[in-house]
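Take a look at the structure set out below.
The values are calculated or read from the model by the stated rules, or taken from the named source; none is laboratory data. As the structure is a computational prediction, the values presented were derived from the model and not from experiment. Cβ atoms come from the backbone with ideal geometry, glycine included; neighbour counts cover every protein chain shown. The accessibility values were calculated without ligands, DNA or RNA, using every heavy atom of the protein model including side chains. Shrake-Rupley method; radii C 1.70, N 1.55, O 1.52, S 1.80 Å.
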Amino acid sequence: MSVSAPITVVIPTRDAEDALPAAATALLPAVIGGIVGRLIVSDAGSRDGTLRIARALGAEIVTGPAGRGAQIARGVAAAGEGWVLILHADTILEGDWMAAVAAHVRGAGPGGEDRAGWFALRFRAEGAAPRIVAGWANLRARWAGLPYGDQGLLVHSSLLARAGGVPQLPLMEDVALARALRGRLVRLRGTASTDARRYVEGGWTRRGARNLWTLTRYLAGADPARLAKRYERR
């Protein structure tokens, strides 16, 4: 299943010591199989054990100011040329994702280097609400071409460069990048399983509505910096 040019995984972090080990553990079979060659952790001032864990995992570490867009951009820059898989620290890849990624990178997937891939979303929680929210996210990704960052993104550096690179926004960088890649995004087999803590604490309906309202305001032209400040206050 190995590929000729192993991919680099980029994970932005900030106080992610609880999440990072599980995300990295899920990648180990791909490292053994020759699919993943490097792990880059792009940190923004973690004050917990994130960097210690990253070093223990053998990750390359880049640091800089907070802001997920800027963090991802720094990690991608450190990765250099080739395939990059961008993941959030609380996302665990499950299912047949390794075969899908290997096929895509080898060109057996649709479009090869001219296509970027995302995964179906699943929340690590039980009940109808997690299924409904994840189902909506997957429909949005498929029909509107707007996968969020917690669905992962497999992209070649050449396509990313043609799309203008990773937008260095404090919020909605994933939506901005998806819009830049519109028409070149495909769903990959496998599942991006993400932590549901924020929804559990904030309420599934309330947080879902909040996210939809934030997306609507961004698409209508609102300043991402102002949206980010309001988002953090809430």
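GLY75 meets each of the listed conditions (1) assigned to a strand (DSSP E or B); (2) open to solvent by less than 10 Å² (accessible area, probe 1.4 Å); (3) in contact (Cβ under 8 Å) with a residue 60 or more places away in the chain apart from (1). Restricting attention to the range 189-234, the residues being open to solvent by less than 90 Å² (accessible area, probe 1.4 Å), hydroxyl-bearing (Ser, Thr, Tyr) and in a helix (DSSP H, G or I) number 5.
Filtering the range 102-127 to residues that are farther than 21 Å from ARG162 by Cβ and either modelled with pLDDT of 95 or more or in a loop (DSSP other than H, G, I, E, B) (or both) leaves ALA108, PHE119, ALA120, LEU121, ARG122, PHE123, ARG124, ALA125, GLU126, GLY127. For the range 140-166, filtered to residues that are open to solvent by 30 Å² or more (accessible area, probe 1.4 Å) and part of a loop (DSSP other than H, G, I, E, B), the residue that is farthest from ASP90 (Cα to Cα) is GLY164. Applying the criterion of being touching a residue at least 40 places away in the same chain (Cβ under 8 Å) and assigned to a strand (DSSP E or B) to the residues of the range 29-59, the residue that is most open to solvent (accessible area, probe 1.4 Å) is ARG38.
The single condition from (1) of a type in the set (Val, Ile, Thr); (2) outside any helix (DSSP H, G or I); (3) modelled with pLDDT under 95 that VAL84 fails is (3).
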